[in-house]
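Student: Provided herewith is a single structure, encoded as structure tokens, for subsequent inquiry.
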Amino acid sequence: MKALLAILITVFCFALLLGLLSIRSREDRVMTERLNYFAGGEQAQRQKQKLTPKALLYNCIEGIANGLGRLQQGKRIELMMQQADWPIRGTEFEAILLLWGGLVGLVTFLVTLKGAMFFVGAFVGILMGFALLGLRIRRRRKKFTNQLGDMLTMVANALRAGFSFMQAFELISREMDAPMGREVQLVVNEVNLGNTLEYALDNMQRRVASPDFELVVTAVLIQRQVGGDLASILDTISETIAERVRMRREVMTLTAQGRMSGIVLALTPIVLAIIMNIISPGYMRPLFETELGRLFMMGAIGMEVIGFLIIRKIVNIHP
């Protein structure tokens, strides 16, 4: 019963974390607060927000984020927020992770009634948050790479039709979906605000961190310095990127069996332990209640992780 309760509470907490990280209305909320400030209604707005639990949660996260911002000046998390396209600051993400880790640690402590398990649960909860962030970045980068060939084709066709490079980018920002359309729109906004195209493209490359797009940036910068037919260059790069995407998909197909083998080998002991515990509840008890059994469990978990990582390393081929 305790295990089931822990699972349900953990799922609820994870859903809460997803809800906090999926905030998409932050920019509108900030703009509304600024307009209310200049309209003289900021105090009334604050009093209204204090009456809602959502506003209290935002204020709590904002307070922790401000404290973290004064303690550290690192920009790595800020860049990761841009790469994941989450409209929150890096310090706010760290504040959410602290609250999430404390919540998971508290649930773990209430279930096990062991003080050390609080820190274990908090650590695991924080790792889950970073794993979710990494998954979001990888998925967005993959989607960006899949859109890159179409984007280059549109730019080349627009250049042949008489558009300038920035006019072609404005067309892409309107016609293509995120993440490509959003990233190109950020480049257009930076250029309109007075930054150079080179600086804006470098910022875009930092956000997407795509080796394929780095070829595009290099080609555009070289063409702007020495001249040449940019449309033909982009067509060549588009064909190269399409071939690399096809090769990646072929490699993924050929290594699918190895990747699935790693997953099956990692999950088999866990599934067998659950089944054996259901069939014979006392059979697995020595592994959890004796010192030698716990040592064997730690060794088995360690070897499971090492084996899984080795298999992933073998099948992870970068064409």
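Student: Would you please state which residues of the range 108-126 a label at PHE288 would reach in this model, taking the label point 7 Å out along Cα→Cβ and a backbone N cut-off of under 16 Å?
Tutor: Counting only backbone N, you get 108-114, 117.
Student: Sticking with this structure for a sec: Taking the Cα-to-Cβ direction at ALA273 and at ARG160 and moving 7 Å from each Cα, how far apart do the two end points lie in nm?
Tutor: The modelled label-to-label distance comes out at 6.1 nm.
Student: Where Lys and Arg each count +1 and Asp and Glu each count -1, what net charge lies around GLY258 among other residues with Cβ under 15 Å from its Cβ?
Tutor: It works out to a net charge of +2.
Student: Continuing with this model, one more query. If you bin every alpha carbon distance in the range 139-234 into 10 Å steps from zero, what whole percent lands in each bin?
Tutor: Percent of Cα pairs in each bin: 16, 55, 28, 1.
Student: Looking at the range 248-319, which chymotrypsin sites (Phe, Trp or Tyr not before Pro) are in a loop (DSSP not H, G, I, E or B) and have at most 11 other Cβ atoms within 10 Å?
Tutor: TYR283
Student: Also, I was wondering about something else. Taking all pairs of different Cα atoms in the range 255-315, averaging 1/r and flipping that mean, what Kirkwood radius in angstroms comes out?
Tutor: 12.8 Å
Student: Nearest 0.05, what FRET efficiency do GLN225 and GLU304 give at R0 = 51 Å with Cβ-Cβ as r? The partial results should precede the final answer.
Tutor: Values: r = 54 Å, r/R0 = 1.05.
With R0 = 51 Å, the Cβ-Cβ based efficiency is 0.45.
Student: If you don't mind, there's one more thing I want to ask. May I ask you to compute the full-extension gain from GLU239 to GLU78, defined as 0.36 nm times their residue separation minus their alpha-carbon distance, rounded to one decimal in nm?
Tutor: Gain on extension, GLU239 to GLU78, equals 54.6 nm.
Student: Give me the Å³ per residue figure for the convex hull around the C-alpha atoms of the range 193-319.
Tutor: That works out to 184 Å³ per residue.
Student: Could you let me know the centre-to-centre spacing of the range 194-215 and the range 98-120, using Cα atoms, in angstrom?
Tutor: Answer, in whole Å: 42.
Laboratory data are not the source of any read-out in this text; all were calculated from the coordinates shown. Model, not experiment: these values are computed from the prediction. Neighbour counts run over all protein chains shown; Cβ positions are idealised from the backbone, glycine included.
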